[in-house]
Amino acid sequence: MASMALVLTVCLLSFFVPAQASPSNHNEFLRCLSTNVPSQLVQTARSTSFKQILVSSIRNARFVAPATARPPLCIVTPTNASHVQAAVRCGRRHAVRLRVRSGGHDCEGLSYRSCSPNSEAFAVIDLANLHAVRVNPQEATAWVDSGAGIGELYYHVAMAAPGLGFPASVCPTVGVGGIFSGGGIGLMMRKHGLSADNVVDATMVDAEGNLLASKKAMGDDLFWAIRGGGGGNFGIVLSWKVRLLPVPPKVTFFRVTKTMDQGAVDAVTKWQTVAPALPDDLSVRVVVQNRQANFQGLYIGNSSTVVATMASRFPELGVTGADCKEMSWVQYTAYIYFRDAIYNEPLEVLLLNRSMTLGPFFKNKSDYVKKPLTKETLEKMFLWPSGVATGQLVLEPHGGRMGGIAADDTPFPHRSSVLYNIQYVEFWNGEGTGGEVTPNWVGSLYDFMAPFVSKNPRGAYVNYRDLDIRTNKVVDGATSYESAKVWGESYFGQENFRRLAKIKRKVDADDYFRSEQSIPPLPLKQ
Ligand code: FDA
């Protein structure tokens, strides 16, 4: 009888289409939550800890003061799947949308803010309490909850299975939920692909509030979509099963810096063709900052081999044994981010500390390069950052395994034809300005770069989310597919974007999970 009632409730809720939200809806929503989720896990704007929890995972200071053109109605911090299911069901029933946050690094803050003061009411589901990592060394797999930081995954893998590692971000604070949803790039991708390429199973709560406990329950399409199709689109992924990959006892990391006077521009000009063709075990990225190029290399092996390889493939860089540090793979994951200060420090630094000081104000953009840039173009890029803002250009080489994976294997399409990705990061100290002063060298540089980077569509990485590309338009109550195509095809390519929209129509036809850049349901006539 009880299960009949449950089925009936689920069916009734499934037919619910969010209506106009009103204050009475909001109260009903909160009441509905209160019967399903312990009160200490729901903070409304009146709660004393509301602001502290809201800010706890904000990584971009730009969104702290005006974090919330419209603040969330409440923040729910679930401790189990049933709380997430209840939030989705209550939200649908009472016309309150949800934004889901794992690590809070979304470059435009879409996991906890909506950009328009007139936008619909929403609540934040903050998965910070769901951060367990369960490693199976025999199977070389791990289950990791979405609320874990990627550093927590690295740490627990290394503790339980020292011969194994995982390819993901350079920054250990990034949340598993967001990075896996959009791909996951880092210095092991030339060897092993993206994080998302190594996800072998998952559990999620769908747009009806159902728990889908495996990829089998999701079906092939939905499982394809959640591995690179961007976060906040299809439901709330609770946990991911990943394939762990062998790492030797020691890897080698090196850094070499060149100023413009020391030939930095010539070196980067050459790097463009050398780096994507290096052996898969070796990845060398470039960070351009203050008119200098900092070459950072990871070799999955010992230093004598990498010095010899660099001497034969890229002698101009002059890598010597003195530039190299050998360490365990997990030490490297801490070292590349925290630098020398952390060498020989306990690896617990990798465990996510949500009270870590907030980063700067920043704005990101990205591009994909398929034909090497000329020396003249690179020189202009080196000289571009100016004014009150400062920033970085991060050049991440593709090739290797990235080139061997088909563009439609996952929604992430930037594969065989790509030489490297450019991340433009502008950061500044906007303290006291309420975030309103937005210097914009990054915008003018991005415009300048248009003729030289990928085109038709101009590619971008969904995890470096950029609302300037375009935001969704809602027409007659539905997100317009045509408006979304502009950003969608940049992130996913034409075919993958269409497939994502088709899957959205199948699994969330009412467009419940909706944001400024959410996948729209494919219109029926298309
Ligand atoms: P956050 O919680 O803000 O979520 C991001 C998006 O995913 C939002 O749309 C959110 O709604 C959605 N989402 C979150 N959890 C979800 C879940 N469980 N189910 C469904 N949707 C969910 N990237 C990279 O590939 N390599 C790198 O080295 C870095 N480094 C890096 C450093 C810094 C300082 C920043 C700010 C960002 C990066 N990134 C990166 C980009 C990063 O991968 C991207 O911002 C991720 O979306 C962040 O995931 P979080 O869970 O932290 O963000």
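The values are calculated or read from the model by the stated rules, or taken from the named source; none is laboratory data. If you're wondering where the values come from, they're calculated on a predicted model, not measured in any experiment. Note that each Cβ is placed from the backbone with ideal geometry, even for glycine, and that neighbours are counted across all protein chains shown.
Answer yes or no: is there a residue in segment 213-222 that is touching a residue at least 60 places away in the same chain (Cβ under 8 Å) and either away from the ligand (no atom under 15 Å from the Cβ) or not in a strand (DSSP E or B) (or both).
Looking for residues that are touching a residue at least 60 places away in the same chain (Cβ under 8 Å) and either away from the ligand (no atom under 15 Å from the Cβ) or not in a strand (DSSP E or B) (or both), one finds at least one in segment 213-222, hence yes.
Filter segment 380-405 down to residues that are modelled with pLDDT under 85 and touching a helix residue (DSSP H, G or I) at 6+ places or on another chain (Cβ under 8 Å), then give me how many there are.
The total comes to 4.
Quick one: which of LYS241, LYS250 is in contact (Cβ under 8 Å) with a residue 12 or more places away in the chain, within 21 Å of VAL133 (Cβ to Cβ) and surrounded by fewer than 22 Cβ atoms within 10 Å (Cβ to Cβ)?
LYS241
Yes or no: ARG255 under 26 Å from the mean Cα position of the chain (by Cα) and either in contact (Cβ under 8 Å) with a residue 24 or more places away in the chain or over 25 Å from ASP409 (Cβ atoms) (or both)?
Working: under 26 Å from the mean Cα position of the chain (by Cα): yes; either in contact (Cβ under 8 Å) with a residue 24 or more places away in the chain or over 25 Å from ASP409 (Cβ atoms) (or both): yes.
It is true that ARG255 is under 26 Å from the mean Cα position of the chain (by Cα) and either in contact (Cβ under 8 Å) with a residue 24 or more places away in the chain or over 25 Å from ASP409 (Cβ atoms) (or both).
Starting from residues that are within 24 Å of GLY209 (Cβ to Cβ) and modelled with pLDDT under 95, keep the ones in segment 473-508 and report whichever is farthest from the chain's Cα centre (by Cα).
Applying the filter and picking the extreme gives GLY477.
Is it the case, given these coordinates, that THR203 is within 12 Å of the ligand (Cβ to nearest atom), in a loop (DSSP other than H, G, I, E, B) and in contact with a strand residue (DSSP E or B) (Cβ under 6 Å, 6 or more places away or on another chain)?
Against the criterion (within 12 Å of the ligand (Cβ to nearest atom), in a loop (DSSP other than H, G, I, E, B) and in contact with a strand residue (DSSP E or B) (Cβ under 6 Å, 6 or more places away or on another chain)), THR203 does not qualify.
Inspect segment 147-159 for any residue being surrounded by fewer than 22 Cβ atoms within 10 Å (Cβ to Cβ) and either more than 30 Å from ARG339 (Cα to Cα) or outside the structural domain of ASP280 (by TED's automatic domain parsing) (or both) and give the result as yes or no.
Looking for residues that are surrounded by fewer than 22 Cβ atoms within 10 Å (Cβ to Cβ) and either more than 30 Å from ARG339 (Cα to Cα) or outside the structural domain of ASP280 (by TED's automatic domain parsing) (or both), one finds at least one in segment 147-159, hence yes.
Which residues, counting only those in segment 169-182, are under 20 Å from ASN233 (Cβ atoms) and more than 6 Å from the ligand (Cβ to nearest atom)?
Matches in segment 169-182: VAL176, PHE180.
Sort out which residues of segment 374-426 are among the acidic types (Asp, Glu), surrounded by fewer than 17 Cβ atoms within 10 Å (Cβ to Cβ) and touching a residue at least 60 places away in the same chain (Cβ under 8 Å), and write them in order of number.
Correct list: ASP408 only.
Within segment 130-141, is there a residue that is of a type in the set (Val, Ile, Thr), within 11 Å of the ligand (Cβ to nearest atom) and at pLDDT 95 or above?
no
For VAL507, work out the one condition from (1) touching a Leu at 6+ places or on another chain (Cβ under 6 Å); (2) more than 16 Å from the ligand (Cβ to nearest atom) it doesn't fulfil.
The failed condition is (2).
Output yes when any residue across segment 158-171 is over 18 Å from TYR464 (Cα atoms) and under 22 Å from the mean Cα position of the chain (by Cα), and no when none is. Walk me through how you get there before you give the answer.
Applying the first criterion (over 18 Å from TYR464 (Cα atoms)) to segment 158-171 yields 158-166.
Checking which are under 22 Å from the mean Cα position of the chain (by Cα) leaves us with 165-166.
Scanning segment 158-171 turns up at least one residue that is over 18 Å from TYR464 (Cα atoms) and under 22 Å from the mean Cα position of the chain (by Cα).
Looking only at strands (runs of 3 or more DSSP E) that lie completely in segment 244-348, which have at least 3 residues being at pLDDT 95 or above, closer than 26 Å to VAL199 by Cα and not polar (S, T, N, Q)? If you could, list the steps in order and put the result at the bottom.
Details: elements: 251-259, 282-289, 292-299, 324-327.
Qualifying strands (runs of 3 or more DSSP E): 282-289, 292-299.
I'd like the full set of residues that are buried (at least 17 other Cβ atoms within 10 Å of the Cβ) and free of Cβ contacts under 8 Å to residues at least 40 places away in the same chain, limited to segment 259-278.
none
Please pick out the residue among LEU73, LEU33 that is within 23 Å of GLY477 (Cα to Cα), among the hydrophobic types (A, V, I, L, M, F, W, C) and modelled with pLDDT of 50 or more. Even if it seems obvious, please write down each step before you answer.
Working: LEU33 fails: within 23 Å of GLY477 (Cα to Cα).
Residue meeting the stated conditions: LEU73.
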